[in-house]
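One structure below.
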Amino acid sequence: MLRKALSISLVVSVILTVGCSTDTKPVVNETMDELPIISGIEVTPGKEEKSKVNFEVNVDGIEAKVIESQNEITLRFDENHFFGYEDVDFPSNQTENNRGYHNFINLVDCFKDLPEGTKVTITAHTDNDHDEKYNLELTTNRANYLLSLLQDREELKHLTFTAQGFGQSKPIVPNDGNAENKDQNRRIDFILQSE
């Protein structure tokens, strides 16, 4: 009886000291790090999971962060790769001599070798420096500007393009006033998906 009372006392002491967690974070089993981890899908031990992206992207000459997931490849650019702080297009004077235009031409060179029917979704994002309406309009105009330029290129007629501006609604890091975070949230993503 004394042993049972001590056991119950020990369990109560552990619960009071450590506490009972009600969060639903998964428990990580450190002995399973040899299993592939693919975001968004369930991984079965012993079964090899492969990406459904069936093409490669030649990113020579472009300065993008390349993110490959299960069904797509995302090319992520800082907004200043193409635009000035509040610009929605390339400068009208000396268009062929500015950084945004040259970066755009490098992107066209990357896209022209994509397989027939590849879907390219252009998404534009920004930080929360202005109000939501302004930011949504700014990013929508930027995405649509790039969309129109890409659709006008004869060498890209084999691709399908769409565009959307998200304003400040999809930050990848907190919009907390930190300058580095704001820079990361100001971005243009090109999401490539095969048919």
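The amide H of Gln168, built 1.01 Å from its N in the peptide plane, has Thr126, Leu136 as neighbours under 5 Å, considering only residues 5 or more places off or on other chains.
For segment 65-193, how big is the tail of P(r) above 21 Å, as a whole percent of Cα pairs?
Working: 3179 of 8256 pairs.
Of all Cα-Cα pairs in segment 65-193, 39 percent lie more than 21 Å apart.
Amide H contacts under 5 Å for Phe161: Val120, restricted to partners 5 or more places along the chain or on a different chain, H placed in the peptide plane at 1.01 Å from N.
Taken one residue at a time, the phi angles of segment 60-67 give Karplus couplings (6.51, -1.76, 1.60, θ = phi - 60°) of 4, x, 10, 9, 10, 7, 9, 10 Hz. Gly and Pro are set to x. In order along segment 99-110, the Karplus-derived 3J(HN,Hα) couplings, from 6.51 cos²θ - 1.76 cosθ + 1.60 at θ = phi - 60°, round to 4, x, 5, 5, 5, 5, 4, 5, 5, 4, 4, 5 Hz, and Gly and Pro are given as x.
Taken together, the values in this text are just the output of simple stated rules run on the coordinates, not laboratory data. All values reported here derive from a predicted model rather than from experimental measurement.
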